[in-house]
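Structure first, commentary second.
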Amino acid sequence: MQTKLQQYFPMLRSREEILREIDATVKLTEKFYSWREAQRQEFLDFCTGVRGIKMLYDSFFKEIMNPETVPERLEEFLSILLNRKVKIVDVLLGDSTRLADEQSLLIMDILVRFEDGTYCNVGTEDWICLSGRAMCVLFLRSVAPPVQKSPVVFQKYADNYIHTFTQQSDTGLEMDLLQKYIFIPLDIFKENVENKGIKNKMDGWLTFLGMDEPEKIIELINTYPEFREMYEHVYYICRNVGDVMGIFSEELRIMNRNTVRYMVDEMQETIDE
């Protein structure tokens, strides 16, 4: 029986076909059964279309939003977010550069130009943080437990999911310091789009990046068919079971690291109290 997404993306494979390929290779079998049952189920679900892909997984995000091979995608997203047309000029650093303390994973560093000729440096980290001279964009991950909710301060604004900050002096002196910070709590966005639907292209991009419910994916590609090509891109990646198992294993490693960090932070809060 076809899953909901297989009806739209026929390149998705069946559960039986994937399991046969895994069982046929010792290396894949060992890796697959080293995961917990819930993790094996999650892997099979997004490979078969029971659930959508979590596009904020580092490897998927780098592939789908690669500024070297498909710059138009990141250009459109940033242009809509900033309400200014953006052109990617250059990729400054290679990807996957680990910082010394293992607290961040630098994915890419790019130089973009606005229509008025000004430039901006954009860097992305493992929290999908786009930061630069003219802006900082932060997606608060809600896909990797136990971090399921954005900080409490964002929860007070349940009807808003895009917050723009600018620098301000303590004397009233006004200067254009070309520094802005845009925070997007995806959990709050999800609550809004589930209640009100996809209202505009910005909602479309955040649905693509932050939601894996099949119903929402179908709503998105029916509303904005151009996103279908990007889903097809990642689903063709999923046909290579060995490669996608490697991607999933890396995400499990990152989630385990974040879980430990979260537990330590909670223990420290208890000690402080």
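All of the numbers you see were taken from the coordinates with simple rules; none came from a lab. The shown structure was predicted, so the numbers you read here are calculated from the model rather than taken from an experiment. Positions of Cβ are backbone-derived with ideal geometry, glycine not excepted, and every protein chain shown enters the neighbour counts.
Quick rundown of the values:
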read-out	value
Förster-model FRET efficiency, 22 Å R0, Gln268 and Tyr181, C-beta, rounded to 0.05	0.30
Pairs beyond 26 Å (Cα-Cα), from Lys62/Lys156; Lys31/Lys216; Lys4/Lys54; Lys27/Lys190; Lys87/Lys201; Lys180/Lys216	Lys62/Lys156; Lys31/Lys216; Lys27/Lys190; Lys180/Lys216
Extended-chain gain in nm, criterion 0.36 nm per residue less alpha-carbon gap, Glu75 and Met11	20.3 nm
Largest-first principal axis extents of the Cα set of segment 153-199 (Å)	42, 19, 13
Contour minus Cα-Cα distance for Gln39 and Val91 (0.36 nm per residue)	15.3 nm
For Val89, distant residues with modelled amide H under 5 Å away	Leu111, Val112, Arg113
For segment 154-235: Kirkwood Rh in Å [reciprocal of mean 1/r, alpha carbons]	14.8
